[in-house]
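Trainee: Structure incoming, see below.
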Amino acid sequence: MFNIGLPELLIIAAIALIVFGPNKLPELARAFGRAMREFKKATEEVKESFEAETKDLEELKSTITDEELTGFLEETTSELREEISTQLEDSDSAESAPPEEQSIQSSTDQIEHEKKEESKEAKGEIPSHG
């Protein structure tokens, strides 16, 4: 950690022995050990609180993402319903299929078309509109 080797450590111990004496040196070593233990404990507490805050932020992010996704799905569903209702209102011709089947068929056709375009985009192709 401090890049101190054995010779440096022996020199520091000899100086400490000379300065503090043999009676005071064990007390100082115990005090140093306690201080290091308290420092590690405080560091762990800060680390745990940081991880807890990070976890809370991740949960908030996922909640926001879920709410945005729900809103997007509701918006898309309402747009599809409006489009289907306008298509049904515009079609005045009487076909053999009932209106429910026509709306289901047009919805199915639109979904299939969107899936084909998405697969083309995923493959790197340019979708043709025509």
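Trainee: Would you pick out the residues in the range 1-45 that are open to solvent by less than 70 Å² (accessible area, probe 1.4 Å) and of a type in the set (D, E, K, R)?
Mentor: Residues satisfying the conditions do not exist here.
Trainee: Then there's this: Given the residues Glu38, Glu59, Glu45, Glu67, which is the only one that is within 40 Å of the chain's Cα centre (by Cα) and closer than 30 Å to Ile111 by Cα?
Mentor: Going through Glu38, Glu59, Glu45, Glu67 in turn, the sole match is Glu67.
Trainee: Go through the residues of the range 36-44 one by one and say whether even a single one is β-branched (Val, Ile, Thr) and part of a helix (DSSP H, G or I).
Mentor: Yes, some residue in the range 36-44 is β-branched (Val, Ile, Thr) and part of a helix (DSSP H, G or I).
The values are calculated or read from the model by the stated rules, or taken from the named source; none is laboratory data. The structure presented is a predicted model; accordingly, all values stated were derived computationally and were not measured. Areas reflect the complete protein model, heavy atoms only, side chains present, ligands, DNA and RNA absent. Shrake-Rupley method; radii C 1.70, N 1.55, O 1.52, S 1.80 Å.
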